[in-house]
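Everything below concerns the one structure shown next.
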Amino acid sequence: MTDHHPVLIAGGGPSGLAAAIELGRAGIRCAVVEPRVSVATDRPRAKTTSARTMELLRRWGLADRVRAAAPLPVAHAQDVVFCTRLTGHEITRFPNAFALHPQRRDEFAECGQQIPQPVVEEVLRAAVAELPTVEFLAGHRLVAAEDGPDGLRARIAGPDDSVREVTAGYLLGCDGATGASRDAIGARYAGGSGALPNLNVTFRAPELTEERVCARAVHYWVLGAEVGGIVGRMDLDGTWWAIAQGVDASAADVDPAALVRSMVGTDDTGADIDVEVLATDPWTARMLLVDRYRGDRTFLVGDAAHLNPPWGGHGYNTCVGDAVNIAWKLVAVLQGWAGPALLDSYEPERRPVAAQTIADAAAQESRLAHAFRRAELDADTPAGAACRAGVAEALAVKRGEFHSLGLVLGYHYADSPVVVDDGSPVPAHDPLTYHASARPGARLPHAWLADGSSLYDHLATAGFTLLRREPGIDVAPFRAAADRHGVPFALLDLPGLPGGYDAPLLLVRPDQHVAWRGADARDAAGVLDVARGAVRAALPS
């Protein structure tokens, strides 16, 4: 381990690995300190990789690797099914939940993917190992850090618990809820917790075959009389996960296998299906957000900055979004072509996204399985059928948990100090439905090109891309301004590109968000100064 690192990353979970990949691909030297020597695979943790995260993985050429590693292909199942038990009655279903589509869609470059978080981490660890500028230090952890305007000092504990001091230009605190990075800048969580405890159970049940379950699904929401929760496959070889909602694992009479059997149901003879419990994990949903995202040279990323309730599967995806946002900006600063306002923009861009995501996910806390439990729900009688029909109607309020493309793709940075406001209306927040917008600050609307490639495949992953939709517009001022400041710059000519872009020129950032749009390049120097953080005030439109 060297004594100085341009960037020190505390934590090698999804956010730390994502930041390391973004930095390492740009040739920035960094070190990741991660306490876990290996990734535990018996606890799935997050299970949903969103369409937006898959787009970011595609930027690095990793989307196909993630899909190849996924034990559950998208083609296997795309629906969330509500049922009385896995072997009982189907009540209703939400098709194509979590943007799971077996065919490509116009709205995004990649559909969502169900995959256990540990499998994603293994893919990202392998990608990090391919980057010569990234040092991955398994078995090491950040003990403490002193943040300062000129750099920081960090104390790192090794596998034998010996502690050494190193210095770094910047610290990315990706060390989660129990890490030391928040203390380095005096940040504090604020918020609350869910009302009910929950118990995760990973189990083996080879008897639970396609013929036994009531329907094919990616998740089963079980509204059982005894215990309710969620069950899903970890793979196609008999390994499953379950969340028993409202179960206090500290109670003496809690039997994980019995809980699972209650949610699964029985076989055709009425006998219990064999269940082998592999692991358990008690938890309570938390809705916490830090009061500040940065110090002088320290930035909080992912769970170190926010803890999201799991409903809707947004937590780990928000972490990856944080990592990409701060890492491309650090690349720009360390390569010398960005100003101080670029790093200042991290908190005003990402903290509102986390706050909105937490709020939308927390709205589901009152709509868990117990809220829809009914005495006659599983009865094979006309009254039971009527009860199931009534509950199916009531379950319409759950739509936002499974169809949240507006939240996943529609967040924006309209108020960012490095986005040039063009005076157009800011898109209203609609968590369910994505309304594509090229307003500065928004994610560039996606399109498939005539050759079958994605528009995003032609955007620069470092620096800015100027998208020119009308031939003949002189863009020399942009190229001259970029050359003058050493800004990586690419021109993408797509004449006649359809869609709601509302301008012939769009300046697109490395993270695929629009920094500026307009009809000519006369203000190119000023626009680029705003976008790269050299000035702090947006230009007039």
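Order 426-436, 519-529 from most to least packed using the mean count of other Cβ atoms within 10 Å. Can you show the working numbers first?
Working: 426-436: 15.3, 519-529: 18.6.
Packing order, densest peptide first, comes out as 519-529, 426-436.
What percent do you get for the relative contact order of the chain when only Cα pairs under 8 Å and 6+ apart count?
Details: 1242 pairs, mean separation 83.8, N = 541.
Normalised by residue count, the contact order of the chain is 15 percent.
Which of the peptides 218-229, 469-480, 30-41 is most tightly packed, and how do the rest follow, going by the mean number of other Cβ atoms within 10 Å of each residue? Present the calculation step by step, with values, prior to reporting the outcome.
On the way: 218-229: 23.0, 469-480: 14.2, 30-41: 19.0.
Final packing ranking: 218-229, 30-41, 469-480.
Which FRET efficiency value, to the nearest 0.05, do you get for Glu207 and Leu432 by plugging their Cβ-Cβ distance into 1/(1 + (r/R0)^6) with R0 = 35 Å?
So, using R0 = 35 Å, E works out to roughly 0.40.
Consider a paramagnetic label point 7 Å from the Cα of Asp183 along Cα→Cβ; state which residues of the stretch 296-338 have an amide N under 19 Å from it.
Residues 296-301, 303-306 qualify, since their backbone N sits under 19 Å from the label point.
With r as the distance between the Cβ atoms of Glu376 and Asp253 and R0 = 45 Å, compute the FRET efficiency 1/(1 + (r/R0)^6) and round to 0.05.
Numbers: r = 26 Å, r/R0 = 0.58.
The pair Asp253/Glu376 has a calculated efficiency of 0.95.
Determine the gain in length on full extension of the stretch Gln103-Arg153; use 0.36 nm per residue of separation and subtract their C-alpha separation, reporting nm with one decimal.
Details: separation 50, 0.36 × 50 = 18.00 nm, distance 4.94 nm.
Here the answer is 13.1 nm.
Classify the stretch 410-531 as rounded, prolate or oblate, taking a ≥ b ≥ c as the square roots of the eigenvalues of its Cα gyration tensor: rounded when a/c is under 1.5, otherwise prolate if a/b is larger than b/c and oblate if not.
Working: a/c = 1.65, a/b = 1.22, b/c = 1.35.
The shape class here is oblate.
Ala279's amide H: which non-local residues (gap 5+, or another chain) put their own amide H closer than 5 Å, with H modeled 1.01 Å from N in plane and none for Pro or chain starts?
HN-HN under 5 Å from Ala279: Thr202.
What order do you get for 236-245, 269-278 when each peptide is scored by the mean count of other beta carbon atoms within 10 Å, highest first? Can you show the working numbers first?
On the way: 236-245: 20.0, 269-278: 13.6.
The packing order, highest mean first, is 236-245, 269-278.
What is the antiparallel percent of DSSP beta bridges lying wholly in the chain, to the nearest 5?
70 percent
Below 8 Å between Cα atoms, with a sequence gap of 6+, how large is the relative contact order for the stretch 410-531 in percent?
31 percent
Going through the stretch 91-184, which trypsin sites (Lys or Arg not before Pro) have at most 15 other Cβ atoms within 10 Å and a DSSP loop state? Before the final figure, lay out the partial values.
On the way: sites: Arg93, Arg104, Arg105, Arg125, Arg141, Arg153, Arg155, Arg164, Arg182; in loops: Arg104, Arg105.
Here the sparse-neighbourhood loop sites are Arg104, Arg105.
In the stretch 410-531, what percentage of the DSSP-assigned beta bridges are antiparallel, given to the nearest 5? Present the calculation step by step, with values, prior to reporting the outcome.
Values: 11 of 16 bridges.
In the stretch 410-531, DSSP labels about 70 percent of beta bridges as antiparallel.
Just from its helices, what would the mean residue ellipticity at 222 nm be for the chain, if runs of 4 or more DSSP H residues each count -39500 (n - 2.57) and the sum is divided by every residue, rounded to the nearest 500 deg cm²/dmol? If you can, show how the numbers build up before the last one.
Numbers: 14 runs with 137 residues, N = 541.
Calculated from helices alone, the mean residue ellipticity at 222 nm is -7500 deg cm²/dmol.
Simple spin-label model, 7 Å along Cα-to-Cβ: His458 to Ala279 in nm?
Computed distance between label sites His458 and Ala279 equals 4.4 nm.
Just subtract the alpha-carbon distance of Val535 and Glu393 from 0.36 nm times their residue separation and send over the number in nm, one decimal.
On the way: separation 142, 0.36 × 142 = 51.12 nm, distance 5.32 nm.
So the extension gain works out to 45.8 nm.
What's the extension gain from Arg164 to Ala363 if we count 0.36 nm per residue and subtract their Cα-Cα distance?
Values: separation 199, 0.36 × 199 = 71.64 nm, distance 4.46 nm.
Difference between extended and current length: 67.2 nm.
Using a ≥ b ≥ c from the Cα gyration tensor of the stretch 236-358 (square roots of the eigenvalues), is it rounded, prolate or oblate, where a/c under 1.5 gives rounded and otherwise the larger of a/b and b/c decides, a/b for prolate? Let's see the in-between values first.
Details: a/c = 3.98, a/b = 2.84, b/c = 1.40.
It comes out prolate by the Cα gyration axes.
Can you figure out the FRET efficiency of Ala480 with Leu449, using R₀ = 22 Å and their beta-carbon distance, to the nearest 0.05?
On the way: r = 28 Å, r/R0 = 1.29.
The computed FRET efficiency comes out at 0.20.
No value in this document is a laboratory result; all are computed from the given coordinates. From a predicted model like this one, the values you see are computed outputs, not experimental measurements. Using ideal geometry, Cβ is built from the backbone for each residue, glycine included, and neighbour counts are taken over all protein chains shown.
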